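Inspection log for the structure reproduced underneath, given as structure tokens.
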Amino acid sequence: MSKDWIIEVLGDLRGFATMNDLPVTAEQLEEAIVVAIAEVSQQPGARMRTEGHGAEAGRCAGGPR
């Protein structure tokens, strides 16, 4: 089972924080995304989708997808 879904969730949260004037939260979520990418990519048999992870900032409920 792929674990890259966690990166998408963190990206959605970061987008929400950005759109709702929570810059410190957005910054912390960006750091969490970097850590999650590193951890997921080190897992045995990791098959992470790499497209789209850099563009997650704008994604959240009601935002463009």
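Here, each number is a calculation from the coordinates, and none is a lab measurement. Note that the coordinates shown come from a computational prediction; the quantities given were computed from them, not determined experimentally. As a convention, Cβ positions derive from the backbone with ideal geometry for all residues, glycine included, and neighbour counts pool all protein chains shown.
Could you size up the charge dipole of segment 1-43 around its Cα centre, putting +1 on the beta carbon of Lys and Arg and -1 on that of Asp and Glu, and report it in debye to the nearest 20?
Details: 2 positive and 8 negative charges, 21 e Å.
Taking the Cα centre of segment 1-43 as origin, the dipole is about 100 debye.
Once you have a ≥ b ≥ c as the square roots of the Cα gyration tensor eigenvalues for segment 1-43, tell me rounded if a/c is under 1.5, and otherwise prolate or oblate according to whether a/b is larger than b/c.
Oblate, since a/c reaches 1.5 and b/c is not below a/b.
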Completion exercise
Note: Gln28 to Lys3 extended length (0.36 nm per residue) minus current alpha-carbon separation gives 7.0 nm
Handout entry: In Hz, Karplus ³J(HN,Hα) per residue of segment 23-29 (6.51, -1.76, 1.60; θ = phi - 60°; x = Gly, Pro)
Key = x, 5, 4, 4, 5, 5, 5
Practice task
In nm, give the distance between the simple-model label positions of Asn20 and Glu39, each being 7 Å from the Cα along the Cα-to-Cβ direction.
Solution key: 2.3 nm
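Can you tally the net charge around Val24? Count Lys and Arg as +1, Asp and Glu as -1, for every other residue whose Cβ sits under 14 Å from the Cβ of Val24.
Values: positive: Arg14; negative: Asp21, Glu27, Glu30, Glu31.
Once positives and negatives cancel, what remains is -3.
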